[in-house]
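Okay, structure first, notes after.
The values are calculated or read from the model by the stated rules, or taken from the named source; none is laboratory data. If you're wondering where the values come from, they're calculated on a predicted model, not measured in any experiment. When we count neighbours, we look across all protein chains shown, and the Cβ atoms used for this are built from the backbone with ideal geometry, even at glycine. Surface areas here come from the heavy atoms of the whole protein model, side chains and all, with no ligands, DNA or RNA. Shrake-Rupley method; radii C 1.70, N 1.55, O 1.52, S 1.80 Å.
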Amino acid sequence: MTKIAMPAPLFRATILLATLAALPAGAATVDTIAKQAILIDTTTDTVLMEKAADERMPTSSMSKMMTAYLVYDALRDGRITLDTKFPVSKKAWQTGGSKMFVQVGDSIRVEDLLRGLLIQSGNDAAVVLAEGLAGSESAFADRMNEMAKRLGMNASHFVTSNGLPDPEHYSTARDLAILAERMISDFPQYYRYDGEREFTWNKIKQGNRNPLLYRDMGVDGIKTGHTDSGGYGLTASGVRDNRRLILVVNGLPSMQSRADEGARLLEWGWNQFRLYPLFKAGAAVDEATVWLGAEDKVPVTVAQDLAMTLQPADFDKMTVTARFQEPIEAPIAKGQVLGELDIAPPDGPVRKVPLVAAQDVPEASIFRALGMKLGLLLGL
């Protein structure tokens, strides 16, 4: 009996979306006086602009985002609660720079310490939290570095809980953006602290140091920083038109330039780019040929809603291509990866998204399979 093998798979690429209009003028770009910067649309994980984003830099009080993240992690695991109290050591009380104004011997609730850390940028609050969670600031720094590796912050190293200057304490704009995004996405229930405008402790009221919270532009966090060596920095985030942007800038010459440059870059990101939905999860994107299946074709789709953040001029020049090796032998399970979708903006890396079966395709019946094999043998 002659065994009929499946036809040799053939590569097929179908262009689903091609140039829609004549090529317009080049897309708008932006520069910045910041020494390091990155602007990301987290809705589609798209970098809108960057400058020396992987350059090592002092992170000053923006380091407190990692301290807060470790506190949130402990809250999630049940190791502490917001009402847990940590004692204030002499070291914490003596810590210089921006302060919450804790007093030696006090026991302070974690929630109050978080507000002192994030709103007042208290270096002393950071030390209290570090000692309370890990026993010492050096032990806490080890935890900071372990978490940095887990989050993919591969160019960062922490020595202090508050970012006070140390030659071995550094990060990058890209790493801080990763941390900011994870703070917001992993712990949305605690993100509200970053946007509170003032906090009073020890009868001393202090305003949030993030200048963009006071401008009507949709910013809801996150953290400022400043050292003599690193200049003025800001990690900021906000939502407009269902798009969350995260901005990190550092190395600016003044508080005013930090505020103005931060606002300018965020406004540019929101105004120059648009969110373009491409395909809905489960909706047919294309179809692939099936071999020895109950159906001749199987619709393919994307597993999650797919959208791109682009400038309008770039959307007109984008191509989207479905790629397969077909025919695909049955049985095929819904959700099985069958190919990939290549999304190619004009000035950026190609984004590759798996294409999956939109439905099950069982094997053909004996008689249908026999007919298909005979057809192949006879060249029909």
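The convex hull drawn around the Cα atoms of segment 164-305, when projected onto a plane and averaged over every direction, covers 13.9 nm². Normalised by 2.2 N^0.38 Å, where N is the number of residues, the alpha-carbon radius of gyration of segment 309-359 equals 1.43.
Listed by chain and number, the aspartates and glutamates placed with their C-alpha closer than 12 angstrom to that of Lys297 are Asp286, Glu287, Glu326, Glu329, Asp360; residues fewer than eight positions away on the same chain are left out. Per residue, the Cα convex hull of the chain amounts to 171 Å³. Among the listed pairs Lys85/Lys223; Lys149/Lys280; Lys85/Lys203, those whose Cα-Cα separation exceeds 29 Å are Lys149/Lys280.
Here segment 175-195 and segment 98-166 have alpha carbon centers that stand 16 Å from each other.
Expressed as a whole percent, the accessible surface of the chain that belongs to carbon and sulfur atoms is 53, based on a 1.4 Å probe.
Relative protection proxy for 110-117, 42-49, from highest mean packing down: 110-117, 42-49 (other beta-carbon atoms within 10 angstrom). What would the Debye formula give as log10 I(q)/I(0) at q = 0.10, 0.11, 0.20 Å⁻¹ for the alpha-carbon point model of segment 92-179, no solvent? One equal scatterer on each Cα of segment 92-179 leads to -0.25, -0.30, -0.96.
With 23 Å as the cut-off, how large is the P(r) tail for segment 221-377, expressed as percent of Cα-Cα pairs?
Details: 7180 of 12246 pairs.
Counting pairs separated by more than 23 Å, the tail of P(r) holds 59 percent.
A 1.4 Å probe run over the protein chains yields, for the chain, 46 Å² of accessible area per residue, whole-number rounding.
Straight Cα distances below 16 angstrom link Lys91 to the aspartates and glutamates Asp106, Asp124, Glu131, Glu137, with same-chain residues fewer than 8 positions distant left out.
Taking only the Cα atoms of segment 265-314, the radius of gyration and Dmax are 17.2, 56 Å. Amide hydrogen proximity for Glu287: with H placed 1.01 Å from N in the peptide plane, the residues at 5 or more positions away or on another chain lying under 5 Å are Val300.
Each helix, a run of at least 4 DSSP H residues, gives -39500 (n - 2.57); summed and divided by the residues of the chain, these come to -8500 deg cm²/dmol at 222 nm. When Glu267, Glu55 are compared by accessible area of protein heavy atoms, the largest-first order is Glu55, Glu267, using a 1.4 Å probe. Annotation: amide H-H contacts under 5 Å for Thr43 (H modelled 1.01 Å from N, sequence separation of 5 or more, or interchain): Arg244.
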